[in-house]
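Inspection log for the structure reproduced underneath, given as structure tokens.
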Amino acid sequence: MGLDWAKYVCPILLPISFLYDSILYWLTLARYYTRHLHGTHEERVLKVQEQVRRWQVEGRGRKMCTARPSWMSISQQKLGYKDTMYRVKIDLGDVLEIDKEKMIVRVEPAVTIGFLNRLLVANGYTLPVVPELDILTIGGLVMGGGLESTSHKYGLFQYICSEFEIVAADGEVMIANHDTNSDLYYALPVSYGTLGFLTSVSIRIIPYKPYMKLTYRPAYSIDETISLLDRETHKATSNDSVEGIVYNVNQSVIMTGQYVEEEEVEKDKINRMGLWFKPWFYKYVEKFLEKGETIEYVPTLHFHQRHNKGTFWLTPMWLPWAHNIIARFLFGWILPVNPQLLNWLKETFVGGEFEDNFNLQDFIIPMKHVKEGILLSAEITDVWPLWMVPTRLYQPQGPKSLMPRGGDTMYVDLGVYGLSHLKTFKGRDATLRLFEKFALEHDGFQALYAETLMTNEEFETMYTGDLYYSVRKRIPNCEKAFPRLFDKISREGRQGKKIL
Ligand SMILES: Cc1cc2nc3c(=O)[nH]c(=O)nc-3n(C[C@H](O)[C@H](O)[C@H](O)COP(=O)(O)OP(=O)(O)OC[C@H]3O[C@@H](n4cnc5c(N)ncnc54)[C@H](O)[C@@H]3O)c2cc1C
């Protein structure tokens, strides 16, 4: 069973999704402004500690995970392990403090990036890295990984986090930063909840500038694409944002941006692309292949949310008519469909599986191998467009064991999202294996929110676990309380077929 049903269900789901998102947003806002009335952060953390201590008595050999239902995660696979593991409810959805002196915001993990960014913007700030989909949570972005078009400058989402607070397996609260429990500080990101329960995160903020000056540069061959991307990423100029959308082997648009103040804006070049009737970002960008190099000024919030309506380019799978100009005027304001509700329908009624020709993967590979990556994707999927975001992975101050295999070099996230219509398509699993092999052989990484079929040995080559395993040993009870990362994110683990 694939996603065909979604075309029929989504027109009905659309208003429900709009209501759901609006109510959630206003409740979160109300929760923020009444935060002093519903208990302190410490009291909420105490409830997590009590549950962990209860597990010690009544866990009966089960390992722990968060009680957040599977459908609420953006990960597209049904998280079967939630049915058998000991679930700990983490009701932590407050923004705790915006410290304007230290330029830090302290938040609880269930806060969404969309809400946090809007709140910061209203206060004159933003985050250095704002991952594009509004519903991603801070906990998910730390524990599962996050990046965006500013990641060539700031790196992964976790690199802008200065401190984590967790409830460990013995029920104690641990603070982890560069100086205190620094092994935990470096090992926690992308550990998928297998080192403890995250209860708060301190994140760097930067002053907000109201516009992004965005330059669209078309490229008409794969070599031109790579050299433009490389040049703009490494250029000593102040590119705050670098992103590419590849429309086919020979056509792409590379976009670079700088945040600017109101007075620097050329008013006749303003594009309020977030307005409800405006074309979806990837459709709009494609026009520059004909139009040629162009500069625009995009309101910063519109820029941050540019991929929301099209869910990159997945929305046409469930609303094939929705980009039509009349549809945009009539219904554009209720987009996007909330992916969580879609997940819920999928998991409840059709078992959570996708079409065999559906691809949804991100591979993070050194810039020098991106050309081969695009050619491989063209050959084995012919799925277009592809997303490209340069990403810094090398952290000179970080532990050696976390250094990327490619060394001190720029990486690029290559996103492959969509249905393959290739007659020679080998099937989802065989295709995924080819991508995984490519990533392994080219010092690359695979994003773990998506499915992986790697063996344990391959996984250990990609994500060297020395630091991770030593932290698991050091924290009392940790190995008993939480599954190993690979066991949790492997297909068997996610399906709940493996006893964790
Ligand atoms: C369609 C789609 C679009 C995407 N777009 C982007 C994008 O634009 N930019 C980007 O960076 N990424 C993107 N991602 C990837 C996404 O950022 C990661 O999958 C992220 O982990 C998802 O966050 P979530 O809020 O859904 O978290 P979840 O999937 O719920 O959580 C991820 C993991 O973290 C653990 N976890 C969460 N909170 C806690 C806690 N408090 N304590 C312990 N463990 C915890 C969970 O148990 C789980 O194992 C996208 C993914 C998809 C499918």
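The values are calculated or read from the model by the stated rules, or taken from the named source; none is laboratory data. Keep in mind that what you see is a predicted model, and the values were worked out from it rather than measured. Reconstructed Cβ throughout: ideal geometry from the backbone, glycine too, with neighbour counts over all protein chains shown.
Residues that are more than 16 Å from the ligand (Cβ to nearest atom) and closer than 19 Å to residue 362 by Cβ within the range 403-429 comprise 404, 405, 406, 409, 410, 420, 429, listed in sequence order. Among the residues of the range 33-49, those identified as in a helix (DSSP H, G or I) and exposed (fewer than 13 other Cβ atoms within 10 Å of the Cβ) are 33, 42, 43.
Considering the range 233-256, and only residues there that are charged (D, E, K, R) and within 17 Å of residue 155 (Cβ to Cβ), the residue that is surrounded by the most Cβ atoms within 10 Å (Cβ to Cβ) turns out to be 243.
Applying a threshold of 7 Å to beta carbon distances and a minimum spacing of six or more residues, or different chains, the list of pairs starting in the range 263-281 at a residue that is touching a residue at least 60 places away in the same chain (Cβ under 8 Å) and ending at one that is surrounded by fewer than 11 Cβ atoms within 10 Å (Cβ to Cβ) and in a helix (DSSP H, G or I) is empty.
For the range 108-131, the tally of residues that are within 16 Å of the ligand (Cβ to nearest atom) and under 30 Å from residue 313 (Cβ atoms) stands at 15.
Could you grab me the full set of residues in the range 74-83 that are touching a Leu at 6+ places or on another chain (Cβ under 9 Å) and either more than 9 Å from the ligand (Cβ to nearest atom) or modelled with pLDDT of 90 or more (or both)? The answer is 81, and nothing else. When 179, 134, 170, 91 are screened for being acidic (Asp, Glu), within 12 Å of the ligand (Cβ to nearest atom), surrounded by fewer than 18 Cβ atoms within 10 Å (Cβ to Cβ) and assigned to a loop (DSSP other than H, G, I, E, B), only 91 passes. Across the range 299-353, the qualifying residues are those that are within 21 Å of the chain's Cα centre (by Cα) and among the hydroxyl-bearing types (Ser, Thr, Tyr), and the one among them that is nearest to residue 285 (Cα to Cα) is 311.
Could you tell me whether any residue of the range 38-50 is within 27 Å of residue 120 (Cα to Cα), of a type outside the set (Val, Ile, Thr), at pLDDT below 95 and within 13 Å of the ligand (Cβ to nearest atom)? Within the range 38-50 (the criterion being within 27 Å of residue 120 (Cα to Cα), of a type outside the set (Val, Ile, Thr), at pLDDT below 95 and within 13 Å of the ligand (Cβ to nearest atom)), the answer is no, since none of the residues qualifies. When residues in the range 379-401 are screened for being of a type in the set (A, V, I, L, M, F, W, C) and farther than 23 Å from residue 250 by Cα, 1 of them pass. When the range 96-107 is examined, which residues are found to be of a type in the set (A, V, I, L, M) and more than 16 Å from the ligand (Cβ to nearest atom)? Matches in the range 96-107: 98, 103, 104, 105.
Is it true that residue 144 is away from the ligand (no atom under 12 Å from the Cβ), small (Gly, Ala, Ser) and in the same structural domain as residue 188 (by TED's automatic domain parsing)? It is false that residue 144 is away from the ligand (no atom under 12 Å from the Cβ), small (Gly, Ala, Ser) and in the same structural domain as residue 188 (by TED's automatic domain parsing). List every residue pair whose Cβ atoms sit under 7 Å apart, with the two residues 6 or more apart in sequence or on different chains, where the first one lies in the range 127-143 and is of a type in the set (S, T, N, Q) and the second, anywhere, is within 6 Å of the ligand (Cβ to nearest atom). Listed pairs, sorted by first residue: 137/109.
Residues that are touching a residue at least 40 places away in the same chain (Cβ under 8 Å), crowded, with 17+ Cβ neighbours inside 10 Å and more than 13 Å from the ligand (Cβ to nearest atom), at least 3 per element: which helices (runs of 4 or more DSSP H) completely within the range 442-495 meet that?
466-474
Applying the criterion of being touching a residue at least 24 places away in the same chain (Cβ under 8 Å) and part of a helix (DSSP H, G or I) to the residues of the range 95-126, the residue that is surrounded by the most Cβ atoms within 10 Å (Cβ to Cβ) is 113.
The set of residues in the range 182-213 being hydrophobic (A, V, I, L, M, F, W, C), away from the ligand (no atom under 12 Å from the Cβ) and either part of a loop (DSSP other than H, G, I, E, B) or under 19 Å from the mean Cα position of the chain (by Cα) (or both) consists of 187, 203, 205. Residues in the range 301-316 that are farther than 24 Å from residue 119 by Cα and away from the ligand (no atom under 11 Å from the Cβ): 316 only. Of the helices (runs of 4 or more DSSP H) that lie entirely inside the range 321-385, those containing 2 or more residues that are charged (D, E, K, R), under 23 Å from residue 134 (Cα atoms) and at pLDDT below 95 span 339-349. A single entry from 424, 381 fulfils the requirement of being of a type in the set (Val, Ile, Thr) and surrounded by fewer than 19 Cβ atoms within 10 Å (Cβ to Cβ): 424. Hey, could you check the range 147-167 for residues that are touching a helix residue (DSSP H, G or I) at 6+ places or on another chain (Cβ under 8 Å) and among the aromatic types (Phe, Trp, Tyr) and say which is farthest from the ligand (Cβ to nearest atom)? Checked the range 147-167; the qualifying residue farthest from the ligand (Cβ to nearest atom) is 154. Scanning the range 225-258 for residues that are in contact (Cβ under 8 Å) with a residue 60 or more places away in the chain, out of contact with any helix residue (DSSP H, G or I) (no Cβ under 8 Å at 6 or more places or on another chain) and in a helix (DSSP H, G or I) yields one hit, 234. Evaluation of residue 8 against the conditions (1) under 27 Å from the mean Cα position of the chain (by Cα); (2) among the hydroxyl-bearing types (Ser, Thr, Tyr); (3) over 20 Å from residue 94 (Cβ atoms) shows that the sole unmet condition is (1).
Residue 220 - would you say it is hydroxyl-bearing (Ser, Thr, Tyr) and surrounded by 17 or more Cβ atoms within 10 Å (Cβ to Cβ)? No, not satisfied. Looking only at the range 428-435, decide whether some residue is among the charged types (D, E, K, R), more than 21 Å from residue 189 (Cα to Cα) and either surrounded by fewer than 18 Cβ atoms within 10 Å (Cβ to Cβ) or without any contact (Cβ under 8 Å) to a residue 60 or more places away in the chain (or both). Yes: one or more hits.
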